[in-house]
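Q: Mind looking over this structure? Questions follow.
A short reminder: the numbers here are calculations on the coordinates, not readings from a lab. It should be emphasised that the depicted structure is a prediction, and the values quoted were computed from it without experimental measurement. Reconstructed Cβ throughout: ideal geometry from the backbone, glycine too, with neighbour counts over all protein chains shown.
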Amino acid sequence: MRLHLTLPRIPDIELVAIEGLERLARHLGIADDKVGEARILVAEAVTNALEHAGDTPPTVRVEFTLTTEEIVIFVQDRGKGFDPAAVEDPDITGKLGSSNKRGWGLKLMKSLSDDFRIESGSQGTTISIRKLLR
Amino acid sequence: MDQQFTLTKEVRGECLIVTTSGYINNVGGEAIASECGAHFANGIQDVILNLEYSKVVNSIGMSYIIEIIERLQETGGTLVFTNLDAAVEKMLSIMGLFKYARKEATVADALSALGRKGVGHESR
């Protein structure tokens, strides 16, 4: 079962994606507690993409493919891209006392997913996440 | 699931209990930090953050919680998370928050744990 969304940059729009995920899961008879980590992944992926989406257009494309076994999340923006290898792995001890307490998105997406891929260039960034629904 | 963020608060002695409902993003996180900040000025030493009704959080929201931990470190206070959804608990664990904050199953457990610490928040 597949769901495609194009989300504009407006407050809390990631909740639309999460609601879509939950509805698909319910339709397939997947227990709510099995999609908990997928909810967090969607929140992080969409929030991150919208923040870096740029303005031409200020939207992100989201696609879910859901089975009773797994969810595949695809999030694409048209921002200016970045070098994922240059992103420092955040550490809580370093964040305490630092003026920048953010920057957890990539670490969380990598840690919570069963497969995480990112492609980024001057035309934008695409994130693909596979999450087993154990 | 209604994700509109709201919070309620209760003061027990020198402990502030904040119970949230709905999505904790930048707005929710800032509201929690602001609530705590107002109470720190009134002598609050510890904070219990009950997330029973918040099943979706994002890391930007949690960055405000790191601010609260930072503030509590300055005064020797403690932040205790309670009623954590399994996914939220895993997220906080990945972020390393439990190195500097505690978790307990319920608010009553948290009050008891803080009492054992010698803070003495329980009602007489």
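Q: What does DSSP give for the protein assembly as shown in terms of the percent of beta bridges that are antiparallel, rounded to the nearest 5? Working shown, then result.
A: Details: 36 of 50 bridges.
Around 70 percent of the beta bridges assigned by DSSP in the protein assembly as shown are antiparallel ones.
Q: Now, a different point. Quick one: go through the range A:48-74 and flag any residue whose amide nitrogen is under 12 Å from the point 7 Å out along the Cα-to-Cβ line of A:Phe82.
A: Under cut-off, by backbone N: A:48-54.
Q: Fewest Cβ neighbours within 10 Å first, please rank B:Ile48, A:Ile129 accordingly. Present the calculation step by step, with values, prior to reporting the outcome.
A: Numbers: B:Ile48 28, A:Ile129 23.
So the residues, fewest neighbours to most, are A:Ile129, B:Ile48.
Q: Relative contact order (percent) for chain A, with alpha-carbon contacts under 8 angstrom and 6 or more residues of separation?
A: Numbers: 236 pairs, mean separation 35.8, N = 134.
Relative CO of chain A lands at 27 percent.
Q: B:Asn50's amide H: which non-local residues (gap 5+, or another chain) put their own amide H closer than 5 Å, with H modeled 1.01 Å from N in plane and none for Pro or chain starts?
A: Under 5 Å from the amide H of B:Asn50: B:Val18, B:Thr19, B:Thr20, B:Thr82.
Q: Test of understanding: ordering B:Leu51, B:Leu114 by Cβ neighbours within 10 Å, fewest first, what list do you get? Provide the component values of the computation, followed by the final result.
A: Details: B:Leu51 23, B:Leu114 26.
With the sparsest Cβ surroundings first, the list reads B:Leu51, B:Leu114.
Q: What FRET efficiency do you get for B:Ser34 and A:Lys110 if R0 is 35 Å and r is their Cβ-Cβ distance, rounded to the nearest 0.05?
A: Values: r = 31 Å, r/R0 = 0.89.
In this case the efficiency is close to 0.65.
Q: Using +1 at the Cβ of each Lys and Arg and -1 at the Cβ of each Asp and Glu in the range A:65-134, identify which of A:Gly97, A:Phe116, A:Leu132 lies farthest towards the dipole's positive end.
A: Value: A:Gly97.
Q: Rounded to two decimals, what ratio of Rg to Rh does chain B give with C-alpha atoms and a Kirkwood Rh?
A: Working: Rg = 13.2 Å, Rh = 14.2 Å.
Rounded to two decimals, Rg over Rh is 0.93.
Q: State the antiparallel share, in %, of DSSP beta bridges confined to the range B:6-112, rounding to the nearest 5. Display every interim value, and only then the final one.
A: Details: 7 of 21 bridges.
Counting only bridges with both partners in the range B:6-112, antiparallel ones make up about 35 percent.
Q: Once amide H atoms are placed 1.01 Å from N in the peptide plane, what residues at a sequence separation of 5 or more from A:Val60, or on another chain, have their amide H within under 5 Å of its amide H?
A: A:Leu7
Q: Could you tell me the relative contact order of the range B:6-112? Use alpha-carbon pairs under 8 Å, at least six residues apart, and round to a whole percent.
A: Numbers: 184 pairs, mean separation 28.1, N = 107.
Result for the range B:6-112 is 26 percent.
Q: Most mobile of A:Ser122, A:Ser111, A:Ser98 per a Gaussian network model of chain A (Cα springs, under 10 Å)?
A: Checking each option, the largest mean-square fluctuation is seen for A:Ser98.
Q: Given a 10 angstrom Cα cut-off, can you work out which residue in B:Asn58, B:Asn42, B:Asn26 is the most mobile in a GNM of chain B?
A: Maximum fluctuation in the GNM of chain B, among the listed residues, is at B:Asn42.
Q: Assign one of three labels to the range A:63-134, namely rounded, prolate or oblate, based on the Cα gyration tensor with a ≥ b ≥ c the square roots of its eigenvalues; rounded applies when a/c is under 1.5, prolate when it is not and a/b is larger than b/c, and oblate otherwise. It would help to have the intermediate numbers written out before the result.
A: Working: a/c = 2.95, a/b = 1.37, b/c = 2.15.
The shape class here is oblate.
Q: Can you tell which of A:Ile92, A:Ile18, A:Ile30 shows the greatest fluctuation in a Gaussian network model of chain A with Cα springs below 10 Å?
A: A:Ile92
Q: Using the Karplus curve 6.51 cos²θ - 1.76 cosθ + 1.60 with θ = phi - 60°, what ³J(HN,Hα) values do you get for each residue of the range B:96-106, in whole Hz, with x for Gly and Pro?
A: Once θ is set to phi - 60°, the couplings for the range B:96-106 become x, 5, 6, 6, 10, 9, 9, 9, 9, 5, 9 Hz.
Q: Sort B:Asp85, A:Asp83 so that the residue with the fewest other Cβ atoms within 10 Å of its own Cβ comes first and the one with the most comes last. Kindly include the intermediate steps, with their values, before the conclusion.
A: Values: B:Asp85 21, A:Asp83 8.
Fewest-to-most ranking of B:Asp85, A:Asp83: A:Asp83, B:Asp85.
Q: Compute the orientation-averaged projected area for the range A:2-132 from the convex hull of its Cα atoms and round it to one decimal in nm². Don't skip to the end; give the middle numbers.
A: On the way: hull surface 33.1 nm².
Result: 8.3 nm².
Q: Then there's this: Where does helix A:36-51 land angle-wise versus the long Cα axis of chain A, in degrees 0 to 90, nearest 10?
A: That works out to roughly 40 degrees.
Q: Given just the C-alpha atoms of the protein assembly as shown, how large is their convex hull per residue in cubic angstrom? Write out the running numbers ahead of the final one.
A: Values: hull volume 31.9 nm³, N = 258.
Value for the protein assembly as shown: 124 Å³ per residue.
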